[in-house]
Amino acid sequence: MKGYPSNVDVQALPAKPRKPQQAHRTWLRFDADGSALVFEADKHEIMHRAGIHARDLRILDPFLSYPSTILGREKAIVVNLEHIKAIITAEEVLLRNGQEEAMVPLVEEFKRRLNIGGIGSDYDSDTNRANASPPQAGPGHERAPADDAELLPFEFRALEVALEAACSFLDARTTELESEAYPVLDELTNKVSSLNLEKVRRMKSRMTRLSTRVHKVRDELEQLLDDDDDMAELYLSRKQAFNFSALSSPRSPHSPSLAAADAFSASVASKTYAPRTATHTTRSTGEGAEDVEELEMLLEVYYSQIDVTLNKLNTLREYIDDTEDYVNIQLDHVRNQLIRVEMIMSVTTALMAIASAVAGTFGMNIPFTYNEQGPAFKWVVIITTLCCIALFAAVMAWLRYKRLIGV
């Protein structure tokens, strides 16, 4: 054979190691029209397509446990909220495990919310409308409320669907837990048993796990609201429009597109942390605040919703704590009653021991002069019994005086 000596067995040569093939995963893609398409791709194709890193893609792995996260990258938003694992770009949404039964409502919601006739999908047109002179207030110039929703770029509409689905999912789990927990707690207050205590223990474990998940989503939204730089990273359409303008315009230092891009970069870089109140009603002033005000209002809506869910769980936790306190009080009362009975039995046993000692002394075969008198033993028994009763009454009075037992 050409290329090998004649005395060498080609089949005996070790085969060249093949390059391992990457496992293909199933993804569900939504475009700006709400159309869905199922396709398979490996991680390198997804990383190249969305412009994310391997660590970002690892967050979306359903076999790994990662807390709820919303990450803003240069060309994509990585969303990991409960069962929702998606990559949102300025033009499409890539959803993991979109064919599962639990994801059917979310898929239908994506199709319905993203399909608005393409309005708001192109941020260039929105930027031109925003830069145009605003309509004057007055009759015939009022702006319809639906205009604000239409002005949302594609990535915000997709992010809104994911946030709404996650918040609704957690709220439904909280409502379901409440409907099961309150009857069990009421039953425990009526009858303290091992079965009811086990049910409450399971409910409390479920509540703790659910509270942790709700806390994580709330903390993630709060972190985004507290940092204008993180919110600015989520404006994918704006960054795409400025990058496109910078590439297509002449490379002149006085070019308006370059000046706008520099202004946008400067505004993002100049944003500083501004402390907020618990309700996030305090707003930053200046041009930097106006850049992220649209997203800020969107996040605040779902922050309030998840905060209501967390308050429900806190109320349920307080109700469980109150029930546990009530059960402990009942058990303490029963324990005190048992201690009282035990104390009375101890005093009675001690007095009976004294009477038994007297009876045992007179029952010995020892010659006494009293043995010759018939009624002597009867009087000894009567006197001993009266002394024991008097001593018992005195001990009980002393215990009541010291408040060691109830009256």
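Here are the numbers:
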| quantity | calculated |
| --- | --- |
| Where a residue in the range 203-231 is free of Cβ contacts under 8 Å to residues at least 40 places away in the same chain and its partner, wherever it lies, is in a helix (DSSP H, G or I) and of a type in the set (A, V, I, L, M), with Cβ under 8 Å and at least six apart | Arg206/Leu177 |
| Output for the range 140-156, where each listed residue is modelled with pLDDT of 65 or more and either more than 25 Å from Arg213 (Cβ to Cβ) or assigned by TED's automatic domain parsing to the domain that holds Arg29 (or both) | Leu151, Leu152, Pro153, Phe154 |
| Residue count, the range 73-98 (criterion: under 25 Å from the mean Cα position of the chain (by Cα) and surrounded by fewer than 19 Cβ atoms within 10 Å (Cβ to Cβ)) | 4 |
| Near pairs, Cβ below 8 angstrom, 6+ apart or cross-chain, from the range 61-82 (farther than 19 Å from Leu221 by Cα) to any residue that is assigned to a loop (DSSP other than H, G, I, E, B) | Pro62/Asn97; Glu74/Gly51; Lys75/Gly51; Lys75/Ile52; Lys75/Thr89; Lys75/Ala90 |
| Among (1) within 30 Å of Leu152 (Cα to Cα); (2) surrounded by 13 or more Cβ atoms within 10 Å (Cβ to Cβ), the one test that Met297 misses | (2) |
| Check on Asn311, under 30 Å from Ser205 (Cβ atoms) and of a type in the set (S, T, N, Q) | yes |
| Members of the range 166-204 that are farther than 16 Å from Thr309 by Cα and among the small types (Gly, Ala, Ser) | Ser193, Ser194 |
| Enumeration of residues in the range 206-223 that are under 8 Å from the mean Cα position of the chain (by Cα), aliphatic (A, V, I, L, M) and over 20 Å from Glu300 (Cβ atoms) | Leu210 |
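The values are calculated or read from the model by the stated rules, or taken from the named source; none is laboratory data. Keep in mind it's a predicted model, so treat the numbers as computed, not measured. Positions of Cβ are generated from backbone atoms using ideal geometry, with glycine treated the same way; all protein chains shown enter the neighbour counts.
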